[in-house]
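The values are calculated or read from the model by the stated rules, or taken from the named source; none is laboratory data. All figures in this text were calculated on a predicted structure; none of them were measured in a lab. Cβ placement follows ideal geometry from the backbone for every residue including glycine, while neighbour counts extend to all protein chains displayed.
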Amino acid sequence: MLGKRFAFVAVLTASTLLGTAATPPSSGQTGTRPNIHVITPGYANPRDAVGADVLLDRIVFSDGVVVPSSAFVYPGQVHQLTYNGPLVRFRTQNGQAATVGNPGLRYIENEDGNPSSISDQDRLFFADRMETAWANNNLNNRVQLQTQAGYSFIVGLQTQIWDSNFSYDARPELFIFEDQGNSVLTIQPLDEEFNNIGTPAEVRAVDIASINPNKVWVGRWNQNGSPQSGTYELKMYAIDLNRLGVTHLKWFRITTDVQGGGEASADLKIVAVDTSPAPAAQTMTFD
Ligand SMILES: [Ca+2]
Ligand SMILES: [Ca+2]
Ligand SMILES: [Ca+2]
Ligand SMILES: [Ca+2]
């Protein structure tokens with residue numbers, strides 16, 4: 001058993017050095033995309049719940065394996081946030097009637113008490129605000145950026161996650177949810193000293209597809225924070241860790257400097273899962 005796992009590592013290392021790692025099929029390919037099941041307590045019609053809770057209840061992989069919400073791994077830390085864009089465009093948001101996560105909107109420039117500019121203290125405190133917005137299964141509680149100005153930040157997951165199969169497989173570990181699926185971002189895996197490792201994934205608008213088996217809807221607000229009528233469709237990109245050139249992951253950097261293919265304004269909710277059957281045993285083997 002251990003010998004087999006070490007053999008996997010050797011193969012991956014060789015292919016990475018040679019730059020010949022196989023390109024995985026698109027996550028949007030029919031048959032491999034997980035089913036995402038959402039519940040909207042108190043609302044029979046999910047589109048009526050966009051001012052409240054839109055809860056990610058479970059993920060069902062194409063092989064039938066179910067990941068319940070109790071097994072989700074959320075971002076637990078956000079570091080090194082950069083943003084030099086305009087005011088009143090970068091915020092966390094949630095339904096005004098939400099019971100999961102803090103309700104309402106929070107803008108980055110308000111964190112230091114002076115809304116007329118964006119300071120280092122704003123960026124520092126807003127990074128914590130992002131982490132708080134992401135640390136629950138309410139898909140309505142997310143980060144929104146309404147500008148072509150980019151951002152970057154480092155995400156630390158609550159726990160390290162492992163890939164059950166070090167080649168490409170149909171149980172993705174990282175789920176990126178994005179309003180309307182019209183944005184771009186790059187995901188760069190990092191080691192514990194925040195050095196680049198693995199392979200960066202450039203996520204383009206075409207990669208971010210409608211959620212199946214049913215579309216999912218979230219709330220929309222004006223730039224001044226007032227609720228807008230109607231809904232946004234929330235779309236998703238699911239990533240097998242093999243796509244990032246790593247077997248396990250805790251830290252990664254997200255940037256929006258991808259050129260072309262969408263807006264540099266990803267509105268994000270990030271959820272991870274550990275697909276390894278015995279993560280503790282694998283950690284002992286490799287760390
Ligand atoms: Ca400020
Ligand atoms: Ca894999
Ligand atoms: Ca996997
Ligand atoms: Ca978007």
Worksheet item: Do we find a residue being within 16 Å of ligand 4 (Cβ to nearest atom) and either without any contact (Cβ under 8 Å) to a residue 60 or more places away in the chain or crowded, with 21+ Cβ neighbours inside 10 Å (or both) anywhere in region 190-197?
Response: no
Discussion item. Kindly evaluate Ser69 against the criterion of being in contact with a Lys or Arg (Cβ under 9 Å, 6 or more places away or on another chain) and over 18 Å from Ser210 (Cβ atoms).
Written reply: yes
Worksheet item: How about region 205-215: which of its residues are under 24 Å from Thr92 (Cα atoms) and either away from ligand 4 (no atom under 12 Å from the Cβ) or crowded, with 23+ Cβ neighbours inside 10 Å (or both)?
Response: Asp207, Ile208, Ala209, Ser210, Ile211, Lys215
Worksheet, complete the sentence: Filtering region 219-238 down to residues that are within 18 Å of Asn141 (Cβ to Cβ) and either within 16 Å of ligand 2 (Cβ to nearest atom) or in contact with a Phe, Trp or Tyr (Cβ under 9 Å, 6 or more places away or on another chain) (or both) yields Gly219, Arg220, Gly225, Pro227, Gln228, Thr231, Tyr232, Glu233, Leu234, Lys235, Met236
Worksheet item: From the list Phe252, Phe286, which residue is more than 30 Å from Tyr232 (Cα to Cα) and either away from ligand 1 (no atom under 16 Å from the Cβ) or modelled with pLDDT of 70 or more (or both)?
Response: Phe286
Worksheet item: Out of all the residues in region 244-257, is one or more over 16 Å from the mean Cα position of the chain (by Cα), surrounded by fewer than 22 Cβ atoms within 10 Å (Cβ to Cβ), in contact (Cβ under 8 Å) with a residue 24 or more places away in the chain and more than 16 Å from ligand 3 (Cβ to nearest atom)?
Response: yes
Worksheet entry | Meets criteria (small (Gly, Ala, Ser), at pLDDT below 90 and either within 16 Å of ligand 2 (Cβ to nearest atom) or surrounded by 15 or more Cβ atoms within 10 Å (Cβ to Cβ) (or both)) for Ala201 | no
Discussion item. Condition (residue is in contact (Cβ under 8 Å) with a residue 12 or more places away in the chain, more than 19 Å from the chain's Cα centre (by Cα), under 25 Å from Tyr237 (Cβ atoms) and within 16 Å of ligand 4 (Cβ to nearest atom)) applied to region 63-75: is it met by at least one residue?
Written reply: no
Discussion item. Being away from ligand 4 (no atom under 16 Å from the Cβ), touching a His at 6+ places or on another chain (Cβ under 7 Å) and not hydroxyl-bearing (Ser, Thr, Tyr): is that true of Ala127 here?
Written reply: yes
Fill in: 1 or more residues of a type in the set (Val, Ile, Thr), away from ligand 3 (no atom under 16 Å from the Cβ) and touching an Asp or Glu at 6+ places or on another chain (Cβ under 6 Å): qualifying strands (runs of 3 or more DSSP E) within region 105-192
185-190
Worksheet item: Which condition number in (1) of a type in the set (Val, Ile, Thr); (2) surrounded by fewer than 16 Cβ atoms within 10 Å (Cβ to Cβ); (3) under 25 Å from Asn182 (Cβ atoms) is the one that Thr92 fails?
Response: (2)
Practice prompt. Output the residues belonging to region 204-234 that are modelled with pLDDT of 95 or more and more than 18 Å from Ile39 (Cα to Cα).
Written response: Ala209
Fill in: Hits in region 152-198 (condition: away from ligand 2 (no atom under 16 Å from the Cβ) and of a type in the set (Phe, Trp, Tyr))
Phe153, Phe177, Phe194
Discussion item. Within region 133-152, does at least one residue satisfy the condition of being at pLDDT 95 or above, touching a helix residue (DSSP H, G or I) at 6+ places or on another chain (Cβ under 8 Å), of a type in the set (A, V, I, L, M) and under 26 Å from Val100 (Cβ atoms)?
Written reply: yes
